[in-house]
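Report on the structure given below.
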Amino acid sequence: MNIFVCVKQVPDTETKIVPSGDGSFIETSSIKWIMNPYDEFAVEQALLVQAANAGSTVTVVRVGSVKDTEALRTAMAMGADDAFLVEAADNLDSYMIAKALKGAIEKSGKTPDLILSGKQAIDDDCLQVPQILATMLNLPSVSVVVGYEGSATDITVKREVEGGALEVYGVKLPAMIACNKGINTPRYASLPGIMKAKKKPLTTLSLADVGVSDADKRVKYSNFQLPPEKPPG
Amino acid sequence: MAKILVFTELHGSHVKGVTLEILGKLAGHTVDVAAIGAIPAEAIADLAKFGAANVHSLKGANLEKYTPEGYANALKGFIAGGSYDYVFAGATSLGKDLLPRVATMFDAGMASEVTNFIMEGDKFAGTRPLFAGKCFAKVELQGPKPHFVTVRPNALGMNANPTAGAASVKEDAVDAGAIRAMIKDIVKGASEKLDLTEANIIVSGGRAMKDAANFKILEEMANVIGATVGASRAAVDSGFAPHAMQVGQTGKTVAPSLYIACGISGAIQHLAGMRTSKVIVAINTDPDAPIFTKADYGIVGDLFTIVPIMTQEFKNLLGK
Ligand SMILES: Cc1cc2nc3c(=O)[nH]c(=O)nc-3n(C[C@H](O)[C@H](O)[C@H](O)COP(=O)(O)OP(=O)(O)OC[C@H]3O[C@@H](n4cnc5c(N)ncnc54)[C@H](O)[C@@H]3O)c2cc1C
Ligand SMILES: Cc1cc2nc3c(=O)[nH]c(=O)nc-3n(C[C@H](O)[C@H](O)[C@H](O)COP(=O)(O)OP(=O)(O)OC[C@H]3O[C@@H](n4cnc5c(N)ncnc54)[C@H](O)[C@@H]3O)c2cc1C
C-alpha cells in the first residue's frame, strides 16, 4: 500500500504568543516548533497499517517554512520512509495548504491507497484541511476517527461526535482518515530511529512546483491581538 | 444586499441553539434556512421568530443519517440552484465536518469557528481565536462565492429582540450521490446530556477527583443545575473520565455561561479550552493555584466537602 501522512509543525503549547508589530501575524523568531500532537496519532496509524500489509511505504508530507524540519524528521525517526516538504509561509489558508498537499502527493509519483492526518492542528484549529484534501482528490473520508481496523482494501472506522457517541463507517480504500486521540498510542522515536532518519530522503518543493499561487488565496486574516484579559476575581 | 443561507441540524423537534444565534445576528438581512429531512413545526416557529425568510426542507434517498459525502452532495446541489453569497452553519461536529467539503465543491474559502462577526454591507468580517485562545485575529473571505462560515456555539449569544420572518416552508428534492463511506452503526455516548461544546453550564473535575467513581458528586451537582460534566486532561489520562469529556487545547473548546472547575490547577492548556466562559468558579485547596487568576469566584477548600454543600444549596435555591 502507498500510505501518506500529512503533518503540520505547530508552536509548542507552552509558547508565549506575541502578535507581530503590525498585527499581520505572530512573532515566530523565538518559537519552539513541535509536530502537531494529533499528527503523532496519524503517523502511528500509518506505521501500524504498514506493518500489517507487507511491502507498504509511508510518506510524510508537510507544507510550511523550511526554518525547522522537526516534524518531518520526527515522523521519519518513528519509522516513516520518506518525506516531502512544500516550502511556504506558515500562515497559508486551509484551501492553499490542501491544494499544496495534493500537489506534493501527485509529485511523489505514487497513487495513494490511504492518506492519514490529524483531526485538527492545535494552532489554528480550523479542522478543514483533511476534508478539503479529500474533496479535491475525490476520495471518501472520515474525520475525528478514534478506531481503525481492516484490510488493504476495506476498513471500518469510528468517528467521535457530540456526547461521546460514535458513528461507525465502512470505507473502501483509497480514502482519507483524520485521526483523534484514542485511535492508538504513538511510539517514541528510538535513538537508532533518529540516527536513521537523518539519512532518509526529504524532497523539498516550491509552491510553484505544486501548482499553488496567490490566486488560490481564499482567506485573509489581519489584526492579530491578545485576548482581552479577564480582571482577576 | 447579500443573499444568505444558514444550514441547520435538527435536534429532536428543535434546531440547534447556534442556528438561532446566527439568525439573530443577521437581523436586517434576508436569510434562508435549510435542513436535511422534514422540519418539525416547533423548529419552524423558532426559525420564524428569529427572522428566517424561507425554510428549505431537503429530501432525497440515503439521507436518513449523516454521511459526509451524502450530506455534502445534497447541500451542494441545493446551494448551486440558489445564488447565495454566504452559507453559515454552527461549528458543531457535523458543521465542522460538512462545511469545508461543500466549500471545496465550489472552490470557495471558509472561515472556521468564528466567535463574532459583522456584515459590513455585503461583506463578512469575522473574529476568531487561535493558538488556543492565546490570540485573536480578524478573518475575511475572498475568491469564488458563496463564502462559507462556521460559528462557535454560545459565542454570539441570543438576540433579545429578534425581527420575525415569514419562514415559508419549501420542499426541495436533492441527490445524495454515490456514498463510499457508508454508515454502519451509531453507538450512543455515555451521556444523553447536551454536549460540552453546547452546554450553558459545565462542572469539571481534575486530577484531585482521585478516581472515576468520585465523578458521581459532580454529576449530582450537574443534574441539579442542568450542567454537563467535563474533565481536565490529567483526569482523562488517569482514566477517571473518557476523552470526549476533556476540556482544553487537545480536548474541547467550550464557552458556557458558567464554568465550575473542581480540583483543576489551571494549566495553560486547560485554560485554552475554557477561558472564554462568561463566569468561572474555581474550587481548589491551593490558594496559589493558577486557576484563581482567571476565576471570577474562587473557593479555597476541599472539593469533597464543598461540592456536596453547593449541591445542597442549589437544591434549596431551586426548590428541588
Ligand atoms: C488568525 C488566523 C485565522 C485563520 N482563519 C482561517 C479560516 O477561518 N479559514 C481558513 O481556511 N484558514 C484560516 N487561517 C489559515 C489557517 O490558520 C491554517 O494555516 C490552515 O487553515 C490550516 O488549518 P489548521 O492548521 O487549522 O489545520 P487543520 O485543518 O485543523 O489540520 C488538520 C490536519 O491537517 C493536516 N495539516 C494541516 N496543515 C498542514 C500543513 N501545513 N502541512 C501538512 N499537513 C497539514 C495535519 O495532519 C492536521 O492535523 C487562519 C490563520 C490565522 C493565522
Ligand atoms: C500538548 C499538551 C496538551 C494538553 N492538553 C490539555 C487539555 O486539553 N486539557 C487539560 O486539562 N490539560 C491539557 N494538558 C495538560 C495540562 O498541562 C495539565 O497537566 C493538566 O491540565 C492538569 O490537570 P489538573 O489541573 O486536573 O491536575 P493538576 O495540575 O495535578 O491539578 C490538581 C489540582 O487539584 C488541587 N487539589 C488537590 N486536592 C484537592 C481537593 N481535595 N480539593 C480541591 N482541590 C484539590 C491541587 O491543588 C491542584 O491545583 C496538555 C498538556 C500538553 C503538554
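Assorted remarks:
- Annotation: extensible slack from A:Thr111 through A:Ser206 equals 32.1 nm (criterion: 0.36 nm per residue apart, minus Cα-Cα distance).
- Simple spin-label estimate for A:Asp82 and B:Ala45 in nanometres, 7 Å along Cα-Cβ: 6.5 nm
- About its Cα centre, the protein assembly as shown has a charge dipole of approximately 360 debye under the convention of +1 per Lys or Arg Cβ and -1 per Asp or Glu Cβ, with nothing else charged.
- With the simple spin-label model, which puts each label point 7 Å out from Cα in the Cβ direction, the B:Asp237 to A:Glu14 separation comes to 1.3 nm.
- Counting only DSSP H runs of at least 4 residues, each contributing -39500 (n - 2.57), and dividing by the residue count of chain A, the helix-based mean residue ellipticity at 222 nm comes to -7000 deg cm²/dmol.
- Peptide A:49-57 has a mean of 0 when you count, residue by residue, the C-beta atoms of other protein chains within 10 Å of its C-beta.
- Considering only beta bridges that DSSP places wholly inside the range A:2-216, some 35 percent are antiparallel.
- Counting only other chain Cβ atoms within 10 Å of each residue's Cβ, the peptide B:61-72 averages 2.
- Computing FRET efficiency as 1/(1 + (r/R0)^6) for B:Thr285 and A:Asn138, where r is the C-beta to C-beta distance and R0 is 60 Å, gives about 0.60.
- Between the C-alpha center of the range A:33-58 and that of the range A:125-178 there is a gap of 15 Å.
- Contour excess over end-to-end distance, with Cα ends at B:Asn116 and B:Ser257 and 0.36 nm allotted per residue: 49.1 nm
- Residue (of B:Thr150, A:Ser94, B:Ser168) at the positive-pole extreme of the protein assembly as shown, dipole from beta-carbon charges: A:Ser94
- Evaluated over the Cα positions of the protein assembly as shown, the convex hull gives a direction-averaged projected area, one quarter of its surface, of 25.3 nm².
- The range B:111-184 and the range B:222-265 have Cα centres spaced 26 Å apart.
- Comparing B:Met245, B:Val300, B:Ala178 along the charge dipole axis of the protein assembly as shown, the residue lying farthest to the positive side is B:Ala178, per the Cβ-charge model.
- To the nearest ten degrees, helix B:68-80 and the longest principal axis of the Cα atoms of chain B are 50 degrees apart.
- Dipole magnitude (debye, nearest 20) for chain A, charges at Cβ of Lys, Arg, Asp, Glu: 460 debye
- FRET efficiency, B:Lys320 to A:Lys196 (Cβ-Cβ, R0 45 Å, nearest 0.05): 0.10
- Derived scalar couplings ³J(HN,Hα) [the range B:111-124; Karplus, 6.51 cos²θ - 1.76 cosθ + 1.60; whole Hz; x for Gly, Pro]: 8, 8, 6, 6, 9, 7, 7, 10, 10, 8, x, 8, 9, 7
- Extension gain for B:Ala164 to B:Val300 (0.36 nm times residue separation, less C-alpha to C-alpha distance): 44.2 nm.
- The orientation-averaged projection of the convex hull spanning the C-alpha atoms of chain B amounts to 17.4 square nanometres.
- Peptide-level mean, for B:219-228, of C-beta atoms on other protein chains within 10 Å: 0
- Packing around the peptides B:214-223, B:43-52, B:296-305, taken as the average count of other Cβ atoms within 10 Å per residue, puts them in this order, highest first: B:43-52, B:214-223, B:296-305.
- Judged by the mean number of other Cβ atoms found within 10 Å, the most tightly packed of the peptides B:81-91, B:278-288, A:208-218 leads the ranking B:81-91, B:278-288, A:208-218.
- In terms of overall dimensions, the C-alpha atoms belonging to the range B:1-138 reach 43, 32, 28 Å along their principal axes, ordered largest to smallest.
- Residues B:Phe106, B:Phe314 arranged by fewest to most Cβ contacts within 10 Å: B:Phe314, B:Phe106
- Rounded to the nearest 500, the helix-only mean residue ellipticity at 222 nm of chain B stands at -8000 deg cm²/dmol, with each DSSP H run of n ≥ 4 adding -39,500 (n - 2.57).
- On Cα atoms only, tilt of B:303-318 relative to the major axis of chain B in degrees: 60 degrees
- Positive-pole candidate from A:Thr153, A:Pro186, A:Gln225, dipole of the range A:127-233, charges at beta carbon: A:Pro186
- Surrounding net charge for B:Ala160, when Lys and Arg each add one and Asp and Glu each subtract one, Cβ distance under 13 Å: +1
- Computed on chain B, with alpha-carbon pairs under 8 angstrom and 6+ residues apart, the relative contact order is 15 percent.
- Rounded to 5, the percent of DSSP beta bridges in the range A:92-233 classed as antiparallel: 60 percent
- Ranked A:Thr203, B:Thr8, criterion: other C-beta atoms within 10 Å, fewest first: A:Thr203, B:Thr8
- On the beta carbon distance between A:Ser222 and A:Glu149, with R0 = 35 Å, the FRET formula returns roughly 0.20.
- Chain A - Debye-derived log10 I(q)/I(0), Cα point model, q = 0.17 Å⁻¹: -1.29
Where a number appears in this text, it was derived from the coordinates with a stated rule and is not lab data. If you're wondering where the values come from, they're calculated on a predicted model, not measured in any experiment. A quick note on method: Cβ atoms are made from the backbone with ideal geometry, for glycine too, and the neighbour counts reach across all protein chains shown.
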